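The values are calculated or read from the model by the stated rules, or taken from the named source; none is laboratory data. Because the structure is a prediction, the values reported are computed rather than measured. Virtual Cβ from ideal backbone geometry, glycine too; neighbours counted across all protein chains shown.
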Amino acid sequence: MKRLIAIGGLFVLVASFCGCGSDEATTTVKTSKGSDEATRIVKASKGPFGAVVYKGDRTEPSIHVSGAPPPKKPFIRDIVVGHGPAARRGDTVAVYYHGVNYRTGVKVHYTWGPGSPFEITLNAVTAWEKSIVGMKAGGLREAVIPSRLAFNEGAIDYVTKLVTVKPAR
């Protein structure tokens, strides 16, 4: 019963959030597993190109595109600011990422899941790599990449979680 109430509260949060002018909403959702209670922070963040709902840990975020025309140049915004040194060109980073087609909302690129995070050396060649430069470990960032920079796949809305930064030597 408590779980149903928590899920219902989450739906009310998301529905009310997506229809209002606020940029962010954070709530605590209590879930029940047997006799143990767990608390989970749900962060919903609305930007000019849609909304992102993030439940924390390694849970894949939900990306809700707005239907507005995609940007002409990359749009980048932090949803959660991380800690420690910022990732720079040449550093090796471990990330989870989720990308959806901007027009359809269909998942096209992702690494979120039970496996290890994706490791990459930031050569800052692609627009997605460039969007990671400046992030700090623990950070969550949205990047909407326009079609012309997304290898003819159409515009893509990415949410990236930076797990670790290994500085270049």
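A few points about this structure:
- Of note, residue 78 does not satisfy the criterion of being touching a residue at least 60 places away in the same chain (Cβ under 8 Å) and either over 20 Å from residue 48 (Cα atoms) or surrounded by 18 or more Cβ atoms within 10 Å (Cβ to Cβ) (or both).
- Top-ranked residue in the range 51-87 [being among the polar types (S, T, N, Q) and farther than 15 Å from residue 163 by Cα; ranked as modelled with the highest pLDDT]: 62
- Every residue from the range 98-135 that is surrounded by fewer than 18 Cβ atoms within 10 Å (Cβ to Cβ), in contact with a Gly (Cβ under 8 Å, 6 or more places away or on another chain) and closer than 24 Å to residue 83 by Cβ: 121
To keep it simple, each residue is scored yes or no on (1) under 12 Å from the mean Cα position of the chain (by Cα); (2) aromatic (Phe, Trp, Tyr).
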| position | (1), (2) |
| --- | --- |
| 59 | yes, no |
| 67 | no, no |
| 71 | no, no |
| 75 | no, yes |
| 79 | yes, no |
| 83 | no, no |
| 88 | no, no |
| 92 | no, no |
| 104 | no, no |
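- Residue check for residue 90: outside any strand (DSSP E or B), within 21 Å of residue 163 (Cβ to Cβ) and modelled with pLDDT of 85 or more: yes
- Per-region count, the range 136-156, residues within 11 Å of residue 74 (Cβ to Cβ), surrounded by 20 or more Cβ atoms within 10 Å (Cβ to Cβ) and among the charged types (D, E, K, R): 1
- Cβ-Cβ under 6 Å pairs, at least 6 apart or on other chains, the range 124-143 side on the phi > 0 side of the Ramachandran plot, far side hydrophobic (A, V, I, L, M, F, W, C): 124/133; 134/86
- When residue 113 is tested against (1) assigned to a strand (DSSP E or B); (2) closer than 16 Å to residue 54 by Cα, exactly one condition is not met: (1).
- So residue 148, is it closer than 23 Å to residue 50 by Cβ and in a strand (DSSP E or B): no
- Residue 25 vs. criteria touching a helix residue (DSSP H, G or I) at 6+ places or on another chain (Cβ under 9 Å), assigned to a strand (DSSP E or B), under 25 Å from residue 155 (Cβ atoms) and modelled with pLDDT under 90: no
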